[in-house]
1. Quick check, is Ile61 surrounded by 10 or more Cβ atoms within 10 Å (Cβ to Cβ), out of contact with any Gly (no Cβ under 9 Å at 6 or more places or on another chain) and either of a type outside the set (Gly, Ala, Ser) or in a loop (DSSP other than H, G, I, E, B) (or both)?
2. Among what's in the range 14-30 and is touching a residue at least 12 places away in the same chain (Cβ under 8 Å), surrounded by 10 or more Cβ atoms within 10 Å (Cβ to Cβ) and assigned to a loop (DSSP other than H, G, I, E, B), pick the residue that is farthest from the chain's Cα centre (by Cα).
3. Of all residues in the range 62-79, which are farther than 20 Å from Gly48 by Cβ and small (Gly, Ala, Ser)?
4. In a loop (DSSP other than H, G, I, E, B), open to solvent by 70 Å² or more (accessible area, probe 1.4 Å) and either out of contact with any Gly (no Cβ under 9 Å at 6 or more places or on another chain) or among the β-branched types (Val, Ile, Thr) (or both): is that true of Ala5 in this structure?
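The values are calculated or read from the model by the stated rules, or taken from the named source; none is laboratory data. What you see is a predicted model, and the numbers here were worked out from it, not measured in a lab. Backbone-built Cβ (ideal geometry, glycine too); neighbour counts: all protein chains shown. Heads up: the accessible areas ignore ligands, DNA and RNA and are worked out on the full protein's heavy atoms, side chains in. Shrake-Rupley method; radii C 1.70, N 1.55, O 1.52, S 1.80 Å.
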Amino acid sequence: MSAPAFEALHVPPAAFEQGGTEVLRAIIVNGALHISLRRAFDDPEAWGMLIADITRHVARIYATEDKFREEETMERIRALYDAEMDAPTDPGTTSALS
């Protein structure tokens, strides 16, 4: 019996060229989110900037498919983010492993 397939993303070219530290890995398993993250910043406020930057990247990817405008995608993400922060559908669990 073979192991289930895992589709990993490629490492960004700049990380190979200049080095870096992975701070977040997000995986969907059977419809559920599983993450690994590193407490990478002295101030947790920096995660807000990281999440905003990720939102912009996601919006640009959807805009290239001509299905959604970049601004519309950011608005949709922000609306669901706010709703999920106010009333989580699954608060999940967190534990430090390393």
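1. So Ile61 fits the description; yes.
2. Glu22
3. Hit for the range 62-79 is Ala63, nothing else.
4. Yes: the conditions hold for Ala5.
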